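> Take this structure, written in structure tokens, and hold onto it; I'll ask about it next.
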Amino acid sequence: MALQVQAALLPSALSVPKKGNLSAVVKEPGFLSVSQKAKKPSLVVRAVATPAAPVASPGAGTSKADGKKTLRQGVVVITGASSGLGLAAAKALAETGKWHVVMACRDFLKAATAAKAAGMAAGSYTVMHLDLASLDSVRQFVDNFRRSGMPLDALVCNAAIYRPTARQPTFTADGYEMSVGVNHLGHFLLARLMLDDLKKSDYPSRRLIILGSITGNTNTLAGNVPPKAGLGDLRGLAGGLRGQNGSAMIDGAESFDGAKAYKDSKICNMLTMQEFHRRFHEETGITFASLYPGCIATTGLFREHIPLFRLLFPPFQRFVTKGFVSEAESGKRLAQVVGDPSLTKSGVYWSWNKDSASFENQLSQEASDPEKARKLWDLSEKLVGLA
Ligand code: NDP
Ligand code: PMR
């Protein structure tokens, strides 16, 4: 019975026809530690829905006996929390006890194993299935999240893929070039839908954070390493990034370049954050922010790069550019952007100096072009079925 209720709540998590994944659902303590003991199905739903007790109490403050108000635990959704920056930030936030982390991941078993291996306490997180390469999966995730009954206080669009050696495009379930499809379009739909959930939250500082990067900014040395990012007049995006009947590149280039597609997707991420800020900050009070967390040269992002690159990149960044940052440190930086009371300013692209102090960084001209941001927004709305 417990499993049936779980399945009803998480159809996409269970749709992978592998026994291994199903058993992962059963074994995951964050999900079922209560339900395994529970007798009533309703309790099972609650076990999934409210894994951390403080979340159950609505309202920004809970009255204590002495009349003072305490802040309830916040709920943060982090996409791609199964490795690298996302996992490190999930751990950093969960460890504070102030946050319950929803790890929105495409590989349920990998995420559950990673959370356990990182030492995250059962009950401090929930793994939910999200594949950003499918717009149906995005909608399904939003549905599942809403049915869980948890409020949404912060959303972090962190997941990404980087295909540096690819000379041929691959495509999402909806037929869009994969890097832009996952890194930008999937997140665009997710953020647009979940804005409603953020609006409903009574948490004092609600935030929507979208990862950017130095390599999408051509006002930096790193951003001038070829191939350089550039969206052109967005004609490839307007054509649907399909490849066969047009271009798979946003700027409409004939040939596909996987490294450029990633950097282009990061410009989209940074433009999207600013357009959210312009459209919704004043009306909702929500903080919209982006960041460059430093060069986390050891993460899975470089998994498709050639072995020599993977060998030399960390020491190059550590000793030559000095831009290297550990996964743990980058996780703390992202956790700051999620929860630090001093980082409430909206529309900011955060970076950190060598002493790990945050500062408001300058975006390149293209990554801060309001006209391009508006055009990108309109085209993206069409591609994800919102317009
Ligand atoms: P990782 O590869 O370690 O993490 C990326 C995460 O995205 C993984 O959890 C991965 O899942 C997930 N993901 C990939 N495709 C999908 C999908 N279709 N649906 C859902 N999740 C998906 O990389 P990083 O931690 O380095 O990257 C995190 C963010 O930081 C990215 O936005 C990146 O652009 C940004 N960034 C990274 C920098 C760096 O130096 N590493 C520098 C600047 C920015 P799975 O585990 O299943 O593969
Ligand atoms: Mg870069 C000057 C500093 C600097 C910094 C902070 C980065 C970050 N890089 C710098 C410089 C250089 N890189 C220089 C001088 C070179 C030429 C040797 C160089 C090369 C290089 C390559 C081939 N760098 C890379 C690659 C990648 O494949 C990475 C990439 O572009 O991923 C999209 C990358 C990166 N360099 C960075 C950062 C943060 C990355 C990767 C992550 C990202 O933008 O998300």
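> Please identify the pairs in which a residue from segment 151-171 that is more than 11 Å from ligand 1 (Cβ to nearest atom) and assigned to a loop (DSSP other than H, G, I, E, B) has its Cβ atom under 7 Å from the Cβ atom of a residue that is polar (S, T, N, Q) and at pLDDT 95 or above, counting only partners at least 6 apart or on another chain.
PRO151/SER201; LEU152/SER201; ASP153/SER201
> Restricting attention to segment 116-157, report how many residues are buried (at least 24 other Cβ atoms within 10 Å of the Cβ) and among the polar types (S, T, N, Q).
Matching residues across segment 116-157 total 1.
> A further question follows. Evaluate segment 214-229: report whether one residue or more is out of contact with any Lys or Arg (no Cβ under 8 Å at 6 or more places or on another chain), open to solvent by 10 Å² or more (accessible area, probe 1.4 Å) and under 18 Å from VAL384 (Cα atoms).
Looking for residues that are out of contact with any Lys or Arg (no Cβ under 8 Å at 6 or more places or on another chain), open to solvent by 10 Å² or more (accessible area, probe 1.4 Å) and under 18 Å from VAL384 (Cα atoms), one finds none in segment 214-229, hence no.
> Under 7 Å between Cβ atoms, at least 6 apart or on separate chains: pull out the pairs that start in segment 310-339 with a residue that is more than 21 Å from ALA222 (Cα to Cα) and end on any residue that is within 14 Å of ligand 2 (Cβ to nearest atom) and not in a helix (DSSP H, G or I).
VAL337/LEU291
> With the condition being hydrophobic (A, V, I, L, M, F, W, C) and within 16 Å of ligand 1 (Cβ to nearest atom), I'd like the helices (runs of 4 or more DSSP H) fully within segment 232-350 carrying at least 1 qualifying residues.
On the way: elements: 235-238, 258-276, 307-315, 327-339.
Filter on segment 232-350 gives 258-276, 307-315, 327-339.
> Looking only at residues that are small (Gly, Ala, Ser) and more than 16 Å from GLU381 (Cα to Cα) in segment 167-181, which one is nearest to the chain's Cα centre (by Cα)?
Just the residues of segment 167-181 that are small (Gly, Ala, Ser), to begin with: 173, 175, 179, 181.
Those still in the list that are more than 16 Å from GLU381 (Cα to Cα) too: 173, 179.
Details: ALA173: 19, SER179: 14 Å.
Going through the qualifying residues, I end up with SER179.
> Turning to a different aspect of this structure: Tally time: how many residues in segment 71-83 are closer than 14 Å to THR299 by Cβ and open to solvent by 10 Å² or more (accessible area, probe 1.4 Å)? Write out each step before concluding.
At the first step, the residues of segment 71-83 found to be closer than 14 Å to THR299 by Cβ are 80-83.
Narrowing further to those that are open to solvent by 10 Å² or more (accessible area, probe 1.4 Å): 80, 82-83.
Within segment 71-83, residues that are closer than 14 Å to THR299 by Cβ and open to solvent by 10 Å² or more (accessible area, probe 1.4 Å) number 3.
> Got a sec? Which of GLU254, GLU275, GLU283, GLU304 is surrounded by fewer than 16 Cβ atoms within 10 Å (Cβ to Cβ), of a type in the set (D, E, K, R) and closer than 20 Å to THR344 by Cα?
Numbers: GLU254 fails: closer than 20 Å to THR344 by Cα; GLU275 fails: surrounded by fewer than 16 Cβ atoms within 10 Å (Cβ to Cβ); GLU304 fails: closer than 20 Å to THR344 by Cα.
Exactly one residue qualifies, and that residue is GLU283.
> Taking only pairs six or more apart or across chains, which ones have beta-carbon atoms under 9 Å, a first residue in segment 271-288 that is under 12 Å from ALA367 (Cβ atoms), and a second residue that is hydroxyl-bearing (Ser, Thr, Tyr)?
From segment 271-288, the pairs are LEU271/SER368; THR272/SER290; THR272/SER380; MET273/SER290; MET273/TYR349; GLN274/SER290; GLN274/TYR349; GLN274/SER368.
> Shifting gears a bit: Condition check: of a type outside the set (A, V, I, L, M) and either open to solvent by 40 Å² or more (accessible area, probe 1.4 Å) or touching a Cys at 6+ places or on another chain (Cβ under 6 Å) (or both). Does ASP202 satisfy that?
Values: of a type outside the set (A, V, I, L, M): yes; either open to solvent by 40 Å² or more (accessible area, probe 1.4 Å) or touching a Cys at 6+ places or on another chain (Cβ under 6 Å) (or both): yes.
Yes, satisfied.
The values are calculated or read from the model by the stated rules, or taken from the named source; none is laboratory data. As the structure is a prediction and not an experimental result, all values here were calculated from the model. Don't worry about glycine lacking a Cβ; one is built from the backbone with ideal geometry, like all the others, and counts go over all protein chains shown. Keep in mind that these areas ignore ligands, DNA and RNA; they rest on the heavy atoms of the full protein, side chains included. Shrake-Rupley method; radii C 1.70, N 1.55, O 1.52, S 1.80 Å.
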